[in-house]
Every structure is written in structure tokens, then in C-alpha cells.
1. What's the whole-number percent of alpha carbon pairs in the range A:114-223 lying beyond 20 angstrom?
2. May I ask you to order A:200-206, A:155-161 by the average number of other C-beta atoms within 10 Å around their residues, highest value first?
3. By the 4.7 Å beta carbon criterion, which cysteine residues of chain A come out unpaired?
4. Which whole-Hz ³J(HN,Hα) couplings does the range A:86-93 yield from phi under the Karplus relation 6.51 cos²θ - 1.76 cosθ + 1.60, θ = phi - 60°, glycine and proline marked x?
5. Taking a temperature of 20 °C and a viscosity of 1.002 mPa s, what whole-number D in µm²/s does Stokes-Einstein yield for the range A:13-79 with Rh from Kirkwood over alpha carbon pairs?
6. Would you list A:His193, A:His162 from fewest to most Cβ contacts within 10 Å?
7. Rank the residues A:Thr84, A:Thr104 as a footprinting-exposure proxy: fewest other Cβ atoms within 10 Å of their Cβ go first.
8. Mind checking Rg over Rh on chain A, alpha carbons, Kirkwood formula for Rh?
Amino acid sequence: MRQANTNLSNTTFHKIYKTLYKTYGPQHWWPGETPFEIIIGAILTQNTNWRNASRAITNIKAAGLLDPLKLLQQRRRVPALIKTAGFYRTKANYLNAFLEYYLTNYDGNVEKMAQKKTRTIRDELLAVRGIGPETADAILLYALGKRSFVVDSYTRRIFSRHGMVGPDISYEDLQHEIERNLPKEIRIYNEFHALIVRVGKEYCRKNEPLCNNCPLGKLLPRA
DNA sequence: TGCCAGGCCGGGT
DNA sequence: ACCCGGCATGGC
């Protein structure tokens, strides 16, 4: 038995989750209709406003290319289609890299991919050019239904401003710290990350000096 | 107008 | 093992 309260739904992390859930309610993430659409969105939204990424997906759909094989075959059209997502040449290459991996190893079949162990898939994804830890975890959690917590810039900012972790904590360390203090339920992992983004957009932007009205209470200036 | 957005890569130290 | 510049569009 490890420390008391570790998994007993009684930690600060879990209290924050409950506060956010009571404030905002369910967020219905990921905003995408199919696993493939979610994966594409996860790549397109890297360091980019979701709105801009979403437009790129709309363009891909309108072109009839929301399909792994079609998208790879028509890859020369992709940069123009995803221009609104920013970094569009880079992201077009990232999409190609994922598609080759996805088609080669799983025939573009998400069920087949989801059969493997979470850790195995995560390592494979991290080896794909353009997929880092956050994107890998977002794919695992929201497209494959695997229990892997998604850490993003808001997550680090919010928890460090609350003095719960250091501002320079590594991705994996923060992920473990959160997972260790949260009920091990996909539903909660799914909702918590979405809620963090929700509150972060409103109260915890990069140079936000103070967050007096944040539902989590007053935050310190600049973590 | 400048800063920010649901990161990641590659080269340098 | 870090550190940092580059990547790019659209909103406020």
C-alpha cells in the first residue's frame, strides 16, 4: 500500500477536477466525430487555436479526403487545405508520417491499433515524426479510448501557479503525478483535460498576471 | 499592434 | 540531458 489518499478521490488534484466539473459541466471532448478525425485534429491543433485547426478539418472533409488512404494519396493537396491551421507545411509532413505508420501497421484500422497495449502504442506514436507526448496521449485517450492523461501547457501553468508542482516539471513527471492522484477512470481523464483547457483559456493564458475570478481561486502571477 | 494559440523537431551546448 | 530558434495562420 502506498501513501494514504493516493487513489481515494480526496487529493487536491481530484478536488480541482470536481470544482471544475461543477463549474463547467461535461465538455464532450474530443470535438470530432470519428477516431480518425480526432487523430488528424490532434496533429493540426498543435500550438494552434482549435478554431483554426477545425477549419482545416472542414476543408479536408469538403475535399472528401477524411480517410487515411485518400489523404495519403492526395497528400500534395493537403498543405493548401490545412493552411488555416498554421505551420501548414510542417503539419502536412506530420500527417503523412502518421498516415504511413497507420496504414503500414494497422491498415488504417483503429480497432486493430487499439488492441495493443497502451504503452506499446504510445511508444510507437512517439516514434512517428510530429507526434510528441501530448499528441500521443490525446490520440490514446480520445481516439483509442485508452487511459493516458493528456498534459498540455495549461496543465503545467495551472498546477504550477497553484504551487502544486514546479513550473519546469517534465511532461512525464507531471503526468504521473496527476495520474497517481486521480481515480483511474477514462471518463475522468477525458473530462479533466478538457476542463483544464476550458478554464485555462479563460483564466490562465500565458501572460495573465492574476486570475481573481478563476473558479479555482486566486492564482499567483507568472508561474 | 503585438501577443497568443489544446507542440514538436533538430542542431547546438 | 537541456536549450532554443523555427514553423505560420487568425483572433482579439
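Just so you know, all these numbers are worked out from the coordinates, no wet-lab data involved. As the structure is a computational prediction, the values presented were derived from the model and not from experiment. Ideal geometry is used to build each Cβ from the backbone, glycine not excepted, and the neighbour counts take in all protein chains shown.
1. Percent of Cα pairs beyond 20 Å in the range A:114-223: 42.
2. Final packing ranking: A:155-161, A:200-206.
3. Here A:Cys204 come out as lacking a disulfide-compatible partner, given the Cβ-Cβ threshold of under 4.7 Å.
4. x, 6, 6, 5, 4, 5, 4, 5
5. 156
6. Values: A:His193 25, A:His162 17.
In order of increasing Cβ crowding within 10 Å: A:His162, A:His193.
7. A:Thr104, A:Thr84
8. Ratio of gyration radius to Kirkwood radius: 0.99.
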